[in-house]
1. Being under 30 Å from residue 158 (Cβ atoms) and within 28 Å of the chain's Cα centre (by Cα) narrows it down to one residue among 72, 62; which is it?
2. Scanning for something surrounded by fewer than 14 Cβ atoms within 10 Å (Cβ to Cβ) and assigned by TED's automatic domain parsing to the domain that holds residue 159, does the stretch 283-291 turn up at least one residue?
3. Got at least one residue in the stretch 160-173 being in the same structural domain as residue 230 (by TED's automatic domain parsing), crowded, with 19+ Cβ neighbours inside 10 Å, under 26 Å from residue 71 (Cα atoms) and in contact with a helix residue (DSSP H, G or I) (Cβ under 7 Å, 6 or more places away or on another chain)?
4. Can you tell me which of (1) touching a residue at least 24 places away in the same chain (Cβ under 8 Å); (2) in a helix (DSSP H, G or I); (3) touching a helix residue (DSSP H, G or I) at 6+ places or on another chain (Cβ under 7 Å); (4) more than 30 Å from residue 220 (Cβ to Cβ) is the one residue 303 doesn't meet?
5. So if I check each of 134, 149, 153, which one is crowded, with 20+ Cβ neighbours inside 10 Å, in contact (Cβ under 8 Å) with a residue 12 or more places away in the chain and within 24 Å of residue 78 (Cβ to Cβ)?
6. Sort out which residues of the stretch 86-120 are part of a strand (DSSP E or B) and exposed (fewer than 13 other Cβ atoms within 10 Å of the Cβ), and write them in order of number.
7. Which of (1) surrounded by fewer than 17 Cβ atoms within 10 Å (Cβ to Cβ); (2) touching a strand residue (DSSP E or B) at 6+ places or on another chain (Cβ under 9 Å) is the odd one out, the single condition residue 303 does not satisfy?
């Protein structure tokens, strides 16, 4: 009796494996190219600047002359440049500067490739392009500069590749993910405006380690968020400075207080434990802010707590 599978069975098996492999590759591709999460079919044009001159450009910088200053671009939206009938190149940016009729866009993040044009006449269009986040549990990231400055943008982006999440908030970062972080935000201001923060399954809080955290306010905010009906998990991130990790002089008073709270929904990420083995690998030169690797490692640690 022939114990080997028939040719038909082998062909079907190979086809099934090929399809499964293709699906797996497709998922990896989507994670690697975050622009695929943009819901391009539902883009809405906000305004446009026709026949302006892009006189210089780089991977993170655009300078345009002839732009009408009355129309101020909103960095909460997504933009496209197009020269003649060429393809559109989409991007987002953080900062802008105006010099007469010259518009300078800074901290640019290209979404669909970087054009290789020389100075040329272009059309600049501003769009509202939502993210395709219909599935996944809701999450709000709350904090100060630690969640928006420099490489902090990679925190939410990395989390989105590791788990199906729907980011909520009133502000959008350069990758189009919503959040509730601001340079001047403090525990006091968050508590005062907490009714404006969206209800969500997950809350992540990350504040500067020298922001003078109040234990009473921290407990009050955690309690407020934990009592929301939709709330499932609250993650508080505490990261000392690089120098403190190197010298072992980190003040552990606040982190120990957080760990002592008897709030079932609360989990604490201790940066002293997470980054102490290799602070040189995870911090920027200022020794205060994490680099891309640091934020991505933090995202990995955070998503483990949300599953």
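1. 62
2. For the stretch 283-291, residues surrounded by fewer than 14 Cβ atoms within 10 Å (Cβ to Cβ) and assigned by TED's automatic domain parsing to the domain that holds residue 159: present.
3. Taking every residue of the stretch 160-173 in turn, at least one turns out to be in the same structural domain as residue 230 (by TED's automatic domain parsing), crowded, with 19+ Cβ neighbours inside 10 Å, under 26 Å from residue 71 (Cα atoms) and in contact with a helix residue (DSSP H, G or I) (Cβ under 7 Å, 6 or more places away or on another chain).
4. The number of the failed condition is (4).
5. Working: 134 fails: crowded, with 20+ Cβ neighbours inside 10 Å; 149 fails: crowded, with 20+ Cβ neighbours inside 10 Å.
Result of the check over 134, 149, 153: 153.
6. Those that are part of a strand (DSSP E or B) and exposed (fewer than 13 other Cβ atoms within 10 Å of the Cβ): 95, 97, 98, 99.
7. Of (1) surrounded by fewer than 17 Cβ atoms within 10 Å (Cβ to Cβ); (2) touching a strand residue (DSSP E or B) at 6+ places or on another chain (Cβ under 9 Å), only one is false for residue 303: (1).
This table checks each residue for (1) farther than 28 Å from residue 180 by Cβ; (2) at pLDDT 90 or above; (3) under 31 Å from the mean Cα position of the chain (by Cα).
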residue: 5; (1), (2), (3): yes, no, no
residue: 26; (1), (2), (3): yes, no, yes
residue: 68; (1), (2), (3): yes, no, yes
residue: 91; (1), (2), (3): no, yes, yes
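The values are calculated or read from the model by the stated rules, or taken from the named source; none is laboratory data. Everything numeric in this text was worked out from a predicted model, so none of it was measured. Every residue, glycine as well, gets a Cβ built from its backbone with ideal geometry; the counts of neighbours run over all protein chains shown.
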